[in-house]
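A short worksheet on the structure shown next.
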Amino acid sequence: MKKYSGFSLFKHSLSHHENWQAAWRSPQPKKEYDVIIVGGGGHGLATAYYLAKVHGITNVAVVEKGYLGGGNTARNTTIVRSNYLWDEASKLYDHSLDLWKDLSQDLNYNVMFSQRGVLNLGHTLQDMRDIERRVNANRLNGIDGVVLDTAGVKEIVPIINDSQDIRYPVLGASWQATAGVARHDAVAWGFARGADSFGVDLIQQCEVVDIVTEEGAVVGVKTTLGFIGAKKVACVTAGNSGVMAAMVGLRLPIESRPLQALVSEPIKPILDTVVMSNAVHAYVSQSDKGDLVIGAGTDSYNGYGQRGSFNVVEHTLSAICELFPMFSRVRMNRAWGGVVDTCPDACPIISKTSIKGLFFNCGWGTGGFKATPGSGHVFAHTLAHDEAHPLAAPFSIDRFSTGHLIDEHGAAGVAH
Amino acid sequence: MHHIYCPYCEEIREEEEYSYTGEAHIERPKDPASISDDAWANYIFFRTNPRGIHHEMWYHAAGCRRYFNATRDTNSYQIHETYKMGELPTVTAKTIAADALTALQGEVS
């Protein structure tokens, strides 16, 4: 792998940027791998990268039915934060946030991580009590956070509607200054390039159609490019996790739903932070390109359609127009849906299964992007050692039987 | 947005009148105290979540306020049928596959 640098940029400018090395190879699958990762999104690629880098396991393939980072990695609203309520979740997401800070240097790839802060608005007295509780919990866990009143919010976002006469007035917010956004495609590409440099095979346009087991242990996967043997198979397939589980007769506590996002036409810089509201369901930030990046809600029903209902978009936009009246005439450019794997407690499943050598990393639901590096890091450990990373241990699938759920619904300011 | 036929109101109404309430035909264990934690978890949390034909419950919240079932394709979002509680679906993944096979054989012959 040739290192990217200011000097290499200058050097290649002399040959009109026509001689850049491909960021990764496009190999044919080998007969067998130590680990096959199913799903070439951010989490799958991060898992491959850390498997190779931290654990020295390089006989690894990432098998992707479409193209790298083309699923939910390309469809989210790129928010990174760690202000979750419960110890288990906040530690996992904060581990991820720590990795985000040095990720561009680590990968030698600019993931454009921008710590521009995240506001979670409160609109009722109960909202504000919940916010205080969450911020206090965060601070006990070493995660930065402050509770702001209306004037404090107005200072950070001068364009917000601070009228107390609207249906859901802004009473205050939690503010995590170290949170922010990152460039989602670059994250997938950076991890892909990094994994490839260690010898990991990235196999695109190759769909896994069956997981092959013998005597309760995984022996490989059947794909559209034929059988590929593997000692371990790791499914990192988000919305399609239920489909993968069904291949070996398992069920998961997961339901797949379309979650929508949309972007506006590019406008001049107006919003330099991320504003989220759980109660009225709106979240918005402005990309470096200038478009407003808006997250809408999930449809209420199961669906694999990668599109959502119009009424869900309408609901979110009406909330945003009340919070930001000046956005009411901004035109929306594109809208899309991603299939998210929602878990009953809004927390992920990072786990072994009853089948030897079969692992799942799923259930990230509506908020997996922020966890991309952390998820890959702890899952790689779990794969390498056949034992959960300490931070991943509470997220075993067993928690649904033991009752030790980590209920982050609403509590985390998760807006779904 | 779906347009959904309520089998009780016998009318097609917009999706916003309804609430989705999850997978249908899940039977509550008759004696919860006697079953294992895994079996209870399976009843409470684990779902088939298929990519394709799905039998699911809907609640006509802004209408007759009754629950009914629907058979819907989670890929195409086509609603094949809605039917009253207690009834069984006439369209299933099996009947769809059989219909497709018949259509294919018709084309061949």
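Of the listed requirements (1) in contact with a Gly (Cβ under 6 Å, 6 or more places away or on another chain); (2) within 11 Å of another protein chain (Cβ to nearest Cβ); (3) of a type in the set (Gly, Ala, Ser), residue A:300 misses just one: (1). Taken together, the residues in region B:8-63 that are among the hydrophobic types (A, V, I, L, M, F, W, C), more than 11 Å from chain A (Cβ to nearest Cβ) and either touching a Gly at 6+ places or on another chain (Cβ under 9 Å) or in a helix (DSSP H, G or I) (or both) amount to 2.
Could you please give the count of residues in region A:346-368 that are out of contact with any helix residue (DSSP H, G or I) (no Cβ under 8 Å at 6 or more places or on another chain), more than 14 Å from every other protein chain (Cβ to nearest Cβ) and assigned to a loop (DSSP other than H, G, I, E, B)? Selection size over region A:346-368: 4. The residues listed here are A:314, A:322; of these, the one that is more than 13 Å from chain B (Cβ to nearest Cβ) and either of a type in the set (Phe, Trp, Tyr) or not in a strand (DSSP E or B) (or both) is A:322. Residues in region A:23-51 that are among the aliphatic types (A, V, I, L, M) and crowded, with 22+ Cβ neighbours inside 10 Å: A:35, A:36, A:37, A:38, A:45, A:46, A:48, A:51.
Can you name every residue in region A:336-345 that is within 25 Å of residue B:2 (Cβ to Cβ) and within 14 Å of chain B (Cβ to nearest Cβ)? Hits for region A:336-345 are A:337, A:339, A:340, A:341, A:342, A:343, A:344.
Applying a threshold of 9 Å to beta carbon distances and a minimum spacing of six or more residues, or different chains, the list of pairs starting in region A:27-39 at a residue that is farther than 30 Å from residue A:363 by Cβ and ending at one that is aromatic (Phe, Trp, Tyr) reads A:31/A:227. Of all the residues in region A:203-222, those that are closer than 15 Å to residue A:248 by Cα, touching an Asp or Glu at 6+ places or on another chain (Cβ under 8 Å) and of a type outside the set (A, V, I, L, M) number 2. Against the condition more than 26 Å from residue A:113 (Cα to Cα), acidic (Asp, Glu) and over 18 Å from the mean Cα position of the chain (by Cα), how does residue A:34 come out, does it pass? The answer is yes for residue A:34. Residue under question is residue A:330, and the condition is that it be part of a loop (DSSP other than H, G, I, E, B), modelled with pLDDT of 95 or more and more than 13 Å from chain B (Cβ to nearest Cβ); does it hold? When the stated conditions are applied, residue A:330 passes them. From the list A:97, A:45, A:121, exactly one residue is under 19 Å from the mean Cα position of the chain (by Cα) and over 30 Å from residue A:219 (Cβ atoms). Which is it? Result of the check over A:97, A:45, A:121: A:97. Going residue by residue through region B:59-66, is there one that turns out to be more than 30 Å from residue A:397 (Cβ to Cβ), within 15 Å of the chain's Cα centre (by Cα), at pLDDT 95 or above and surrounded by 17 or more Cβ atoms within 10 Å (Cβ to Cβ)? Within region B:59-66, one or more residues are more than 30 Å from residue A:397 (Cβ to Cβ), within 15 Å of the chain's Cα centre (by Cα), at pLDDT 95 or above and surrounded by 17 or more Cβ atoms within 10 Å (Cβ to Cβ). Take the conditions within 23 Å of residue A:46 (Cβ to Cβ), under 19 Å from the mean Cα position of the chain (by Cα) and not acidic (Asp, Glu) and apply them to residue A:397. Does it pass? Taking the combined requirement at face value, the residue does not satisfy it.
Can we say residue A:241 is within 11 Å of another protein chain (Cβ to nearest Cβ), buried (at least 19 other Cβ atoms within 10 Å of the Cβ) and over 21 Å from the mean Cα position of the chain (by Cα)? The answer is no for residue A:241. Among the residues of region B:76-92 satisfying the criterion of being under 21 Å from residue A:303 (Cβ atoms) and exposed (fewer than 15 other Cβ atoms within 10 Å of the Cβ), which is nearest to the chain's Cα centre (by Cα)? For region B:76-92, the residue satisfying everything is B:92. Restricting attention to region A:266-310, report how many residues are acidic (Asp, Glu), surrounded by 23 or more Cβ atoms within 10 Å (Cβ to Cβ) and outside any loop (DSSP other than H, G, I, E, B). Residues in region A:266-310 being acidic (Asp, Glu), surrounded by 23 or more Cβ atoms within 10 Å (Cβ to Cβ) and outside any loop (DSSP other than H, G, I, E, B): 0 in total.
The values are calculated or read from the model by the stated rules, or taken from the named source; none is laboratory data. Values in this document were obtained by computation on a predicted structure and should not be read as measured data. Counting neighbours? That spans all protein chains shown, and the Cβs are built from the backbone with ideal geometry, glycine included.
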